[in-house]
Amino acid sequence: MSELVAGLKHIFYIFSHPIDGFWVMKSEKKGNVKSALVILLLLTVTMTYRIVGTEFYFQSEQLAKFSFLLLAAAIVLLVVLFCIANWALTTLMDGKGSFSEIFMMLMYSLCPIILVNIPLTALTYFFVAEEATFYTLFNAVSIVWAVFLLFVGNMSIHEYSGIKSIATLILTVVAMAGIIVLVILAGNLVQTVWLWLGSIVKELSYRI
Amino acid sequence: MKKLLVSILFIALIFSVTAVPASAEDTVIPYTNFTYSEADGSIVESPQAYIPQTTVYGKDLGIGDFLYPSDFDTDTNGDIYILDAGNGRVVVIDTNLQYKSHFDCIINDEKIDISTAQGITVTQDSVYICDTDHSRILVFNKADGIFKYEIGTPTAVALDDNFLFKPAKVSVDTHGDLYVVSNGTYEGILNLRPDGEFVTFFAANKVSTDAWDLFWRNFSTKKQRKARVALIPQDFSSIDIDANGFLMITTFTAVNDSMVKRANPGGTNVIRTLSNSKINGNKIDSSFSDITAGPDRLYSCLDRKNGKIYTYNNDGYLLYTFGAKAAQQGGFKNPTAITYLDDYRIAALDIDRASITVFKTTEYADTIHLANKYQTNLEYDKATEQWERVLEYNSNFSLAIKMIGIRHFEAGEYQLAKKYFKLCNAKDMYSDARQELRSEWIYNNSWIIMTVVLVLAGFYLYVRIKESVKKRKEKQRAKQQMRSR
């Protein structure tokens, strides 16, 4: 339990000292996977709150079409995909980070979004159309902050230079897309083979 | 014997009951009414607004069948002038569809061929016929059908030497100026003086293209560019002048998502499009081929492709739709023209069936019309009453919800207004209502805010003073200690 609290406390150290924070996370084992999992849960919950709880004026999508399970699946899938793609790439590109470090780094980097979600959603009940700019601004700040943390974290745990970190991040996104395509293709293939086997069995059952 | 008589009588009774001709209400209507939701643009099924009243063929009038009747128009008395192009004549019937008179198109004692004529318009004393393929507009005397004069291809510096004059539809304003839709002329509506002198092109459509298209055009060869669709503005399909003297113009394809323009006397498009759905029929493949301006600034457009009629109000909201391509009464084969009769009735002309179908309103449409009438006359309280009645018929009708919301907003009932605006997805108005509610809340609760601020400030001061007193005491104590040493 204390381990978990220590891991969560480390987030705030990362906020104030990003470069040192990620380095300490790696070298002195300050972070842990448990806290990262809690952050993943928090991210899903706060994103749900944001989509469901936002004031009508600021809602962009149709609430009727919202599904919690779909959102949770999408978030978990993207996180796993990022970790796999980043790990596969950095292994080839002399990265020093392990898989669990990549996972922790990603989750810690996404904390600004969690932090902004709740107050921003609450503020929409106070804002009217003229203040919509603030809404966009806060939203943008949280995303920029998260991307910056991702960049620094990627640099620290893999012991990369700045440019190499940017390059790996971009390639990671490309690899994620590639993996999605491959998975869809493989799924298609499996389905086809399954149907083929099924028809063979059917054919045989008619003959015998 | 008695039994037989009774049974015969009984059978006769049954037959007499079943032999009553089915009225229009009893027959199956081949279409349904729908509008679009303001929230997400989905289709909202609505009660029937218009039902077919009668269908009239030429032989019903006792003058033989129509042959390719291509257009008709009503005059100020409500008489309908039908351009019976194939027979080379104009048939006049009154507003109850009873035959009044007809005249053949005769020039110099010779009956002329106007089988390709596409448009007719009636003014106080003249009948204008667009003789399309002969490049002329024929003007006849309205009272006796005697030929007055013709307007040929206009000549002007602004016009090309090989300019093709193919008048399809014409409208005449109160000064006698002509506004002519010419087939294939995309430069604009031709504005002509009463004697046919060319004045100017009017209300031209702008070329619509996007950056991406222009980008690719840069890289294509001349041959490729030729093969592609030329970048020219959409040409016009129909024209009508409304009660206020504005020109209602339709195009076959949408210009900026809208197929209808309302041109002011300067030629500027002043159509109001407050609805989230644009004025483009069914949003997929509609093509407006005729427009008719109705009472209370309503206008109805005919989608020739799907045989549907769409009615919009002054703000560009779709009120209802009716009509279909079908064999039953109320269905069309190839409708070419529509026009308003009295009591909001709408007559539609079918060129292939050579018939006129008259549609009459239902109670639902009557309520909408009444609400819209009060709305245009700025009698908002009465209008709201009617809009609420409309909601009883069709609780999903976005326009009614919005109008009631606006009424509540203006009455200062922001909570209610907010509710209605949310229902019809009027986000900006919804936000306005919330803003009013917020300022109301701040106004009513300012004493709480002020109290909290004052208490906090007092507490802060108290802490600061306490601290400074403490410090002073400590200093004094330190001094005393120093002295005592």
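The values are calculated or read from the model by the stated rules, or taken from the named source; none is laboratory data. Note that the structure is predicted; figures quoted are calculated from it, not measured. Neighbour counts run over all protein chains shown; Cβ positions are idealised from the backbone, glycine included. Just so you know, the surface numbers come from the protein's heavy atoms only, side chains and all, with ligands and any DNA or RNA stripped out. Shrake-Rupley method; radii C 1.70, N 1.55, O 1.52, S 1.80 Å.
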request  = Go through region B:421-439 and count every residue that is more than 9 Å from every other protein chain (Cβ to nearest Cβ) and open to solvent by 40 Å² or more (accessible area, probe 1.4 Å).
outcome  = 4
note = Only one of B:463, B:455 is open to solvent by 80 Å² or more (accessible area, probe 1.4 Å) and either part of a helix (DSSP H, G or I) or not polar (S, T, N, Q) (or both), namely B:455
task = Could you grab the pairs with beta carbons closer than 6 Å, sequence gap of 6+ or different chains, first residue in region B:106-128 and more than 21 Å from residue B:349 (Cα to Cα), second one surrounded by fewer than 16 Cβ atoms within 10 Å (Cβ to Cβ) and among the acidic types (Asp, Glu)?
result = B:111/B:104
message = Taking the conditions exactly as written (touching a residue at least 24 places away in the same chain (Cβ under 8 Å) and hydroxyl-bearing (Ser, Thr, Tyr)), does residue B:95 satisfy them or not?
response = yes
remark   = In the set B:121, B:95, the lone residue that is β-branched (Val, Ile, Thr) and out of contact with any Phe, Trp or Tyr (no Cβ under 9 Å at 6 or more places or on another chain) is B:95
ask   = Yes or no: residue B:250 within 23 Å of residue B:187 (Cα to Cα) and buried (at least 24 other Cβ atoms within 10 Å of the Cβ)?
value = yes
request  = Look through B:391, B:399, B:370 and report the one residue that is of a type outside the set (D, E, K, R), closer than 30 Å to residue B:95 by Cα and more than 14 Å from chain A (Cβ to nearest Cβ).
outcome  = B:370
key: region B:1-42 - residue that is modelled with pLDDT of 90 or more and within 20 Å of residue B:275 (Cβ to Cβ) and, of those, surrounded by the fewest Cβ atoms within 10 Å (Cβ to Cβ)   = B:34
request  = All but one of (1) in a helix (DSSP H, G or I); (2) open to solvent by less than 70 Å² (accessible area, probe 1.4 Å) hold for residue A:173, so report the exception by its number.
outcome  = (2)
key: Failed criterion for residue B:346 (all others in (1) within 26 Å of residue B:98 (Cα to Cα); (2) of a type outside the set (Gly, Ala, Ser); (3) free of Cβ contacts under 8 Å to residues at least 40 places away in the same chain hold)   = (3)
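Does residue A:15 qualify as being assigned to a helix (DSSP H, G or I), touching a residue at least 40 places away in the same chain (Cβ under 8 Å) and surrounded by fewer than 16 Cβ atoms within 10 Å (Cβ to Cβ)?
yes
Could you tell me whether residue A:122 is more than 25 Å from residue A:14 (Cβ to Cβ) and among the small types (Gly, Ala, Ser)? Steps first, please.
On the way: more than 25 Å from residue A:14 (Cβ to Cβ): no; among the small types (Gly, Ala, Ser): yes.
Against the criterion (more than 25 Å from residue A:14 (Cβ to Cβ) and among the small types (Gly, Ala, Ser)), residue A:122 does not qualify.
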query = Can we say residue B:485 is away from chain A (no Cβ under 13 Å), open to solvent by 100 Å² or more (accessible area, probe 1.4 Å) and at pLDDT below 90?
reply = yes
query = Taking residue A:45 and the conditions (1) away from chain B (no Cβ under 14 Å); (2) at pLDDT below 90, which numbered condition does it fall short on, given that it satisfies the others?
reply = (2)
task = Quick one: which strands (runs of 3 or more DSSP E) lie wholly within region B:65-175 and hold at least 1 residues that are closer than 23 Å to residue B:263 by Cβ?
result = B:69-74, B:119-122, B:126-131, B:136-141, B:147-151, B:167-172
task = Could you check region B:301-418 for helices (runs of 4 or more DSSP H) lying wholly inside it with 1 or more residues that are surrounded by fewer than 17 Cβ atoms within 10 Å (Cβ to Cβ) and β-branched (Val, Ile, Thr)?
result = B:363-376
